[in-house]
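Right, one structure below, let's go through it.
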Amino acid sequence: MNKNINSLYQIAQKETRKIIGLMSGTSLDGLDIALCEISGAGENTAVKILEFETITYTEDIKTEIRKVFAQKTIDFQHFALLNEWIGLLHAGMVDDCLQKWNIPVQEVDLIASHGQTVLHAPKFLHQQEKFPNATLQIGDGDHIAVKTGIITLSDFRQKHVAAGGEGAPLAVYGDYLLFSKKDENRIMLNMGGIANFTYLPASLNAEEVFVTDTGTANTLIDIFTKHYFPEKSYDKDAEITQSGIVNQTLLSELKNDAFFHKSFPKTIGQELFNFEFVQKALSRTSLENISAPDLLATLTRLSAETIAEAIQFVVKNTGTPIREFKVYMSGGGTNNPLLVKWLKELLLCEFQKSDDLGILSDAKEAVLFAVLANETVAGGDYNFGVNKGIPSVTMGKISFPY
């Protein structure tokens, strides 16, 4: 047996595995690194976060990624170079963390790398009949494996697309395995650049699980905060936004976009929700001179209403009153007090953070990719039914270090 295959086999037989989950989202904040101890698999999965850190991206890193991020026309050589460079960059960040945590490389079984999304193109968005759904993440797994010396699983979203999905949201798999609870209807709401949520039924029936993107969460707020205030990457504690007034005319125009009227489930990214998306709406409503606080308030309200309306749609179909649901939040949006306030007013149910379930909200996505890697190696026995955008597959390409 090839020694790499043998190593993987031995890892699969362990009672517990140490897996590093890596996540870098569309907000380009940085790389989340979660060292997890995972036991079991499937519905018997248990996770303990041993270490967690977010390595902030420098402006140079952000600049290089933005040259290709959500762009239809790019420098192809730069794209190829960036794929390798991001892989090496992420590997170096892992090495630095292990050294800081005083953890030998030999103690880590696997790395689960989401990679850096540079394009998300579901068919309804690209509208080219002969081409399928597509999504693309860079940060080559072989480079991570070779540089760190750790078996690496990466490129998770491709199997999802190949099996009929849109490549997102993948959080549903980990949400179901880690957070389902009998007799409690849960909404696992993640608010990163884009918002998505997983509905976990009190019945624990995997075929009733539902997941979808809802639209923008932080993306547009962050883009226009930086546009008006170049020294800020985001509006901390909604300090600027809270002085603004929601412009209902602009809000209605933004919500009139076809995406919000498309049936669920659906996925999206900055390919739609970008600077031009808002600029066009401002032009159509003759509101080009709107104040920065008013625009940020309107964009925050857009996030709140579209998230709430998506959740209300799913809850209505369950036949269970929304007051009997609990919403568990994660992602950067949990730190936006105005967004959270409006969500609570719109949904009228109990809100908590994923921290209350034992998983840090900031670490949740990185942890969920560690869980996906664990399933690929040691599990994979679940059935989400059909026609919901949740293929019952394991995901991730395996890269060996030598």
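The values are calculated or read from the model by the stated rules, or taken from the named source; none is laboratory data. This is a predicted model, so every value here is computed, not measured. Because the Cβ atoms are built from the backbone with ideal geometry, glycine has one as well, and the counts that use them run over all protein chains shown. Each accessible area value is taken on the protein alone, full model and side chains, heavy atoms only, with ligands, DNA and RNA left out. Shrake-Rupley method; radii C 1.70, N 1.55, O 1.52, S 1.80 Å.
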Residue pairs, Cβ under 9 Å, 6 or more apart or interchain, first in segment 381-392 and more than 13 Å from TYR199 (Cβ to Cβ) and touching a residue at least 40 places away in the same chain (Cβ under 8 Å), second crowded, with 17+ Cβ neighbours inside 10 Å and among the basic types (Lys, Arg). List them. PRO391/LYS159
Can you pull out every residue in segment 238-260 that is open to solvent by 80 Å² or more (accessible area, probe 1.4 Å) and either under 12 Å from ALA310 (Cβ atoms) or touching a residue at least 24 places away in the same chain (Cβ under 8 Å) (or both)? GLN242, SER243, ILE245, THR249
Restricting segment 308-353 to residues that are part of a helix (DSSP H, G or I) and of a type in the set (S, T, N, Q), which is least open to solvent (accessible area, probe 1.4 Å)? THR334
Looking at the structure I just gave you, is GLU305 part of a loop (DSSP other than H, G, I, E, B) and among the charged types (D, E, K, R)? no
Specify the residue that is nearest to GLY358 (Cα to Cα); the eligible residues are those in segment 172-184 that are in contact (Cβ under 8 Å) with a residue 60 or more places away in the chain and open to solvent by 20 Å² or more (accessible area, probe 1.4 Å). LEU178
Could you go through segment 365-375 and let me know if any residue there is open to solvent by 30 Å² or more (accessible area, probe 1.4 Å) and in a helix (DSSP H, G or I). yes
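Listed here are the residues, each with its yes/no results for (1) open to solvent by less than 50 Å² (accessible area, probe 1.4 Å); (2) within 22 Å of the chain's Cα centre (by Cα); (3) among the aromatic types (Phe, Trp, Tyr); (4) at pLDDT below 95.
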residue	(1), (2), (3), (4)
GLN71	no, yes, no, yes
ILE86	yes, yes, no, no
TRP101	yes, no, yes, no
VAL105	yes, no, no, no
ASP109	yes, no, no, no
LYS123	no, yes, no, yes
ILE150	yes, no, no, no
LYS159	no, yes, no, no
In segment 66-83, the residues that are under 12 Å from GLN116 (Cβ atoms) and charged (D, E, K, R): ARG66
